[in-house]
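Reviewing the structure listed below.
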């Protein structure tokens, strides 16, 4: 016998030994084999359990993107931005409009912390930095901590 033949025989014997040991260890450990049908059933039940809470959240009729906020006060404002057009240079109008919206809502809602939502920000920047809208209608929501978040008004 050559060395290559003896190596092949040794590797074949080791493979057979591993195959014989594998079923014994599985039986000893008490694990059961899971069939694909069983995994599909468990995934379906998990999906059904996850679907129940989302239906309850959909019933609250919140706008998409809003988190759960304990609303203390909610008001709708139409904010005039013509001042931005008159006073501010053309290349700085949209940032000035964002600041003016934030200041207007802070002044009227008596709040120190005001956040502008992405929807309102994109509406102010929709026509680039040079031409923000002349006015914008927003919905300001104040939570119990005194923080105000500005959302676009519904229907506008």
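Read-outs throughout are calculated quantities, based only on the coordinates presented, and are distinct from any laboratory measurement. Quick caveat, the model's predicted, so the values are computed rather than measured. Don't worry about glycine lacking a Cβ; one is built from the backbone with ideal geometry, like all the others, and counts go over all protein chains shown.
Brief remarks follow.
- Multiplying the residue separation of residue 92 and residue 134 by 0.36 nm and subtracting their alpha-carbon distance yields 13.7 nm.
- The stretch 88-127: C-alpha gyration tensor shape, a/c 1.5 cut-off, then a/b vs b/c: oblate
- Spacing of the two label points (7 Å from each Cα toward its C-beta) at residue 69 and residue 103, in nm: 2.2 nm
- For the stretch 71-152: rounded, prolate or oblate by the Cα gyration tensor [a/c cutoff 1.5]: prolate
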